[in-house]
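Notes to accompany the following structure.
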Amino acid sequence: MLDTMRKPFFAVALVLLALAFFIDIGASFLDFAKADGQKPLGDLARPGLGIRYLALVDGLLLYTVGLIGVSLLVPERIHGRIQGIATFIVGLLSLIASIGMIMSAIALLGVMVSLLLAVPFGTALYFAGFADFAKAAAASTLALIMLLKLGFCGFLVAAQQQFLQNKGLVLLILTALLANFLVTFLHGLVPSFLVSITDCIAALVIGVLGAIWSLVLLIGSLPAIVKALRVDRALA
């Protein structure tokens, strides 16, 4: 499959996905839009938690696709030995991060709901702190991220149609697209003063999805680690 891959298309796909991920986390080095007076990509609006939490799933997808890219540059023998260990470490760190972010989302959601229902003073505090959600700005950022992800999908298929036969990769891509759609949908579902709550719910769901995929990567790395250990013993 790798021998017949159109490498320029794959490189473009990887760059588009990386841009989506860096927008998720608000990377400050994405400043190439400053030249024409536009706002840098790293400074795009990311109100609430939903957009930031997209990095959980998008990061795992970027890592998975990045592994494929590394296999084009590194000999198969070396790649096979480091893949399992690297995936185990990434999966473990991602799982820990996902659990921590889930706890944060639950805590924030509890605070917002409690304040909203604590009429009149709690409700006043909620409106002062959470009702002014930058819904339009968030929608623009989400649209750009989705556009980058769709571009990634197109170039990935153009690079090698056999990627569609990789069920794990396809499911992870669909999860990343679904997470993006979920945040957009929940932002538009309620009046503006309630968007902070639905955004937090979306972040909570994405956190669970990130934890599930982290666990999948963690478990999936074990056979590769065992195989690498057996090879080391055989060579010894």
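Quick note: the coordinates plus some simple rules give every number you see, no bench work behind them. It should be emphasised that the depicted structure is a prediction, and the values quoted were computed from it without experimental measurement. Counting neighbours? That spans all protein chains shown, and the Cβs are built from the backbone with ideal geometry, glycine included.
Taking each residue as 0.36 nm, the span from ILE225 to ALA134 lengthens on full extension beyond its C-alpha to C-alpha distance by 28.2 nm. Between LEU178 and VAL113, the C-beta separation translates, for a Förster distance of 30 Å, into a calculated FRET efficiency of about 0.75.
Given R0 = 35 Å, the distance between the Cβ atoms of LYS7 and PHE127 translates into a calculated FRET efficiency of 0.05. The convex hull around the C-alpha trace of segment 52-171, projected and averaged over every direction, spans 9.9 square nanometres. Using the Kirkwood radius over Cα pairs, work out the Stokes-Einstein diffusion coefficient for the chain at 25 °C and 0.890 mPa s, in µm²/s as a whole number. Roughly 127 µm²/s, to the nearest whole number.
For LEU182, neighbours were defined as the other residues whose beta-carbon sits under 15 Å from its Cβ, and their charges (Lys and Arg +1, Asp and Glu -1) total -1. Can you give me the C-alpha center-to-center distance between segment 179-194 and segment 129-165, rounded to a whole angstrom? Using only Cα atoms, the two centres lie 15 Å from each other.
In the chain, which whole DSSP H runs stretch at least 30 Å along their own axis (Cα) and average 0.5 or higher on the Kyte-Doolittle scale? Display every interim value, and only then the final one.
On the way: long enough: 50-73 (35 Å, 1.67); 76-117 (60 Å, 1.66); 135-159 (36 Å, 1.76); 167-189 (31 Å, 1.89); 195-235 (59 Å, 1.69).
Those that pass (Cα extent of 30 Å or more, hydropathy at least 0.5) are 50-73, 76-117, 135-159, 167-189, 195-235.
Suppose only helical runs count, i.e. DSSP H with n ≥ 4. What mean residue ellipticity at 222 nm does that imply for the chain under -39500 (n - 2.57) per run, divided by all residues and rounded to the nearest 500 deg cm²/dmol? It comes out at -27500 deg cm²/dmol, rounded to the nearest 500. Among the lysines of the chain, pairs that are 8 or more positions apart or on different chains and have alpha carbons within less than 28 Å of each other number 9. Short-range pairs are left out: with C-alpha atoms under 8 Å and at least six residues apart, the relative contact order of the chain is 36 percent. Report D for segment 140-227 in µm² per second (integer): Stokes-Einstein, Kirkwood Rh on Cα pairs, 10 °C, 1.306 mPa s. Here the translational diffusion coefficient equals 106 µm²/s.
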